[in-house]
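This report refers to the structure that appears directly beneath it.
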Amino acid sequence: MKLRILQSLFLFFGCATNASVIAAERESISLEPSSNWIVDYADDSCRLIRQFGVNEDTVVVFFNRFAPGDEFHLTVAGEPVALTRATNLL
């Protein structure tokens with residue numbers, strides 16, 4: 001399972017690099033990690049969590065996987081990444 005989490009991270013950061021080309025016209029932010037990675041191995045799922053930034057610039061990243069396989073859910077939450085309108089998705 002640990003190997004799968006690492007593979008997912010490499011996949012995510014590879015995709016994030018490609019997505020940065022799309023987002024080049026927007027203002028970018030860079031936040032330093034402000035916590036260690038937290039791993040929760042549950043009976044039927046696993047979760048990887050880390051916080052970036054401090055105070056009002058805090059962003060929390062969650063990777064969740066609920067079954068064996070290649071898919072995972074990614075959640076990024078915090079004021080610096082908040083969307084004000086659905087048009088910001090494109």
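Tabulated data for the structure shown
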| item | result |
| --- | --- |
| Scope the range 41-55; condition over 14 Å from the mean Cα position of the chain (by Cα) and touching a residue at least 24 places away in the same chain (Cβ under 8 Å); matching residues | Tyr41, Cys46 |
| Cβ pairs under 8 Å, 6+ apart, first in the range 61-90 and under 21 Å from Trp37 (Cβ atoms) and surrounded by 11 or more Cβ atoms within 10 Å (Cβ to Cβ), second of a type in the set (Ser, Thr, Tyr) and at pLDDT below 90 | Phe63/Ser8; Asn64/Ser45; Arg65/Ser8; Arg65/Ser45; Phe66/Ser45; Phe72/Ser8 |
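The values are calculated or read from the model by the stated rules, or taken from the named source; none is laboratory data. Note that this is a predicted model, so its numbers are computed, not measured. For neighbour counting, all protein chains shown are included, and Cβ atoms are generated from backbone atoms with ideal geometry for every residue, glycine included.
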